[in-house]
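Before any comments, here is the structure.
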Amino acid sequence: MDPAVAARVAPFTGAARLVVKIGSALLVAADGGVRREWLASVIADVAARVAAGQQVAIVSSGAIALGAKRLGLARGGRASLEDAQAAAATGQILLAGLYAELLAAHGLTAAQMLVTLGDLEDRRRYLNASATLDRLLSLGVVPVLNENDSVATEEIRFGDNDRLAARVAQAAGAGAVVLLSDVDGLYTANPALDPGATMIPTVTDLAAVDGAADASSGSGLGSGGMLAKVQAARIAVAAGAHLAIAAGHGAHPLARFLGDGVGTIFVAGDRESARKAWLAGRLTVMGALHVDAGAVTALRSGKSLLAAGVRRVDGRFQRGDPVDVIGPAGPVARGLAGYDIADARAIAGKRSDAQAAILGYAPRSAMIHRDQMVML
């Protein structure tokens, strides 16, 4: 292998734990059937990584599409929430059986984990999921995860398995994520609309590529677009995991990416503490604190958020709930609120010496303490 390519893919071949995401557009054919030979080639790639000493988890879409075909439902099972839930329940057992069969052919044991957004947003349930993943992987099992669409509603859904894969990597302590996609990477613009768009091979600054992604999904089968993949990268790199978007079409796509490095790689930063990584990866928050430029400067220097720098308070939250901190140019941090919303609104913009009279009790040291906050 070319030394430059070897160095490029080293974070993925060398990670102790690897998460591989497979989307509906790759797994399911236009007629709703499984691309079995293609999937068998991916599982062969996974088996090769396990043989090389890596522990691998798979995040797989496809249950709704497979269930819709079995049940004869219109619009791929997405005509209504009830149809989608019924299709998911029917298709998931087919999907799990398929993975178990293909992994067993390589002497590997499959496990199924179905999760909802709430399972990974609630701290205690997140820790339970993390412990289960850790034990399965340490036993040499290949966990296959999917969103539990049979019970999830629009309000409690990840909505795409790209972000779920990033959260799974975080929960499992994985060092790398590969999103096998129906496109071969992130482009400077949507290549379907702009013939001059070029692929971005490496991303070290997520802010620099925010405008390059959109939410469109070309196949009509999946629910995630490039925007979801960039959001997934944000979650992964905050947890210290490198993330790659690589072309999934054709046989052995994982082995191909690990051999040629073609795709977009998002380079991980320093791993946050476990609690802060979980906080940064949350997809739901209960409110927002809008702050001035001075507060943004203080936060970026490692300070806590003081009430004096808060200009507006939105949402419905209690003390300890996650809230975003929004500066003049956009989101800058996420943290656990030190006050409920009524008290936060009452003291917003007020200096510490005025807060006791407003609250009727001695104020806390900060609106959000730096130990309960992560920069975005």
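Since every read-out is calculated from the coordinates, none of them should be taken as a lab result. Quick caveat: nothing in here was measured; it's all calculated off a predicted structure. For neighbour counting, all protein chains shown are included, and Cβ atoms are generated from backbone atoms with ideal geometry for every residue, glycine included.
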Out of Val262, Val203, Ala68, whose Cα points farthest toward the positive end of the dipole of the chain (charges: +1 Lys, Arg; -1 Asp, Glu; placed on Cβ)?
-> Val203
Extent of segment 1-108 along each principal axis, from alpha carbon coordinates, in Å, largest to smallest?
-> 50, 29, 21
Per GNM of the chain with C-alpha springs under 10 angstrom, the most fluctuating residue out of Gly196, Gly360, Gly72 is Gly360
For segment 128-136, Karplus-derived ³J(HN,Hα) couplings (6.51, -1.76, 1.60; θ = phi - 60°; whole Hz; x for glycine and proline) come out as 5, 4, 4, 5, 5, 4, 4, 5, 4
Among trypsin sites (Lys or Arg not before Pro) in segment 80-128, those in a DSSP loop whose Cβ has at most 14 other Cβ atoms within 10 Å are none
Per GNM of the chain with C-alpha springs under 10 angstrom, the most fluctuating residue out of Thr109, Thr284, Thr198 is Thr198
Size of the dipole of the chain about the Cα centre, Lys and Arg at +1 and Asp and Glu at -1 on the beta carbon, nothing else charged, in debye to 20?
-> 920 debye
Taking H as built 1.01 Å from N, whose amide H comes closer than 5 Å to the amide H of Gly349, not counting residues under 5 places away?
-> Ala308, Gly309, Val310
The farthest towards the positive end of the charge dipole of segment 28-172, of the residues Ala47, Gln92, Asn146, given +1 on Cβ of Lys and Arg and -1 on Cβ of Asp and Glu, is Ala47
Peptide ranges 46-54, 253-261 listed from the most packed, as the mean C-beta count within 10 angstrom indicates | 253-261, 46-54
What residue among Ala100, Ala362, Ala241 shows peak mean-square fluctuation when the chain is described by a Gaussian network model with Cα springs under 10 Å?
-> Ala362
Please sort 91-97, 335-341 by packing, taking for each peptide the average over its residues of neighbouring beta carbons within 10 angstrom, highest first.
-> 335-341, 91-97
The chain: calculated mean residue ellipticity at 222 nm from DSSP helix runs of at least 4, using -39500 (n - 2.57) = -12000 deg cm²/dmol
For the pair Ala354 and Thr202, the simple spin-label estimate (label points 7 Å beyond Cα toward Cβ) gives in nm 5.0 nm
What FRET efficiency, computed as 1/(1 + (r/R0)^6) with R0 = 51 Å and r the Cβ-Cβ distance, is obtained for Asn128 and Asn190, rounded to the nearest 0.05?
-> 0.80
Which FRET efficiency, nearest 0.05, do Thr13 and Arg345 yield, Cβ-Cβ r, R0 45 Å?
-> 0.30
Choose one of Gly335, Tyr361, Ser304: the residue whose Cα lies farthest towards the positive end of the charge dipole of segment 285-375 (beta-carbon charges +1 Lys, Arg; -1 Asp, Glu; about the Cα centre).
-> Ser304
Neighbouring Cβ atoms within 10 Å as the yardstick, rank Asp45, Asp292 fewest first.
-> Asp292, Asp45
